[in-house]
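Have a look at the structure below, then the notes.
The values are calculated or read from the model by the stated rules, or taken from the named source; none is laboratory data. Owing to the predicted nature of the structure, the values given are computational and were not obtained by experimental measurement. Here Cβ is always computed from backbone atoms with ideal geometry, including for glycine, and neighbour counts include all displayed protein chains. Please note that ligands, DNA and RNA were not included when accessible areas were found on the heavy atoms of the full protein model with its side chains. Shrake-Rupley method; radii C 1.70, N 1.55, O 1.52, S 1.80 Å.
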Amino acid sequence: TGLTVNGRTELNDRLTIGDDIWMTAGQGVYVLNGAGMKTTAANDLDFFAGTTNTQRMRIAANGRVGIGTTSPQDKLEVTDGMLTLDSGASGDLTGVRIRDDGTNNWTILYRTWEDDDLEIYNEMANKVAIIFKPDNKVGIGTHTPDHPFQVGTNTSNGNGAYVSAGGNWTNTSDRNTK
């Protein structure tokens with residue numbers, strides 16, 4: 001017993017099914033005109049894939065999303081895998097923005113148009129706090145470190161300190177200018 005549908009079928013009201021819905025390869029579920037997928041009561045929404053009918057993702061009733069886990073502990077939890085952010089095109093931004101109550105506070109950015117820099121950006125001060133350069137130089141308080149590790153904007157004018165390639169710490173700050 002069952003219902004077999006070949007072609008497109010439209011429903012203008014609720015359809016209640018007490019068992020699984022099976023679709024042949026290449027078929028899918030389409031949600032049109034702003035409609036959404038819902039669960040009733042306080043149920044989780046689970047997504048299964050593969051020939052073993054393995055759960056791949058869950059949207060828990062409390063709003064948490066789990067990929068690779070059935071009990072996500074945070075808003076988004078990825079278990080047993082990598083989370084990849086891809087700009088999609090050269091010259092685009094890739095990053096993570098950290099907000100407090102809707103206000104941009106910090107951003108971790110990968111900038112492909114700026115020599116492939118990785119930056120921790122202070123949105124409140126509107127400047128780079130820490131930068132990691134492709135040549136393995138790290139700068140704190142400078143966007144262009146001249147040394148493997150540099151603190152401050154300019155180590156030649158008494159405003160900063162650095163670690164040389166040989167591992168020596170040099171403090172160029174001048175006490176008289178403080």
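Assorted remarks:
- Estimated FRET transfer efficiency when R0 is 35 angstrom, pair Leu15-Trp106 (beta carbons, to 0.05): 0.15
- Scanning residues 5 or more positions from Thr172 or on other chains, those with amide H under 5 Å from its amide H are Gly160, Ala161, Tyr162, with H placed 1.01 Å from N in the peptide plane.
- Heavy-atom accessible area ranking, 1.4 Å probe, most first, across Thr153, Thr84, Thr107, Thr69: Thr84, Thr153, Thr69, Thr107
- What the Cβ-Cβ distance of Gln73 and Arg8 gives, at R0 = 41 Å and to the nearest 0.05, is a FRET efficiency of 0.50.
- Residue ranking by accessible heavy-atom surface, 1.4 Å probe, largest first, among Ile98, Ile130 comes out as Ile98, Ile130.
- Förster radius 30 Å - calculated FRET efficiency between Leu85 and Lys127 (Cβ-Cβ, nearest 0.05): 0.85
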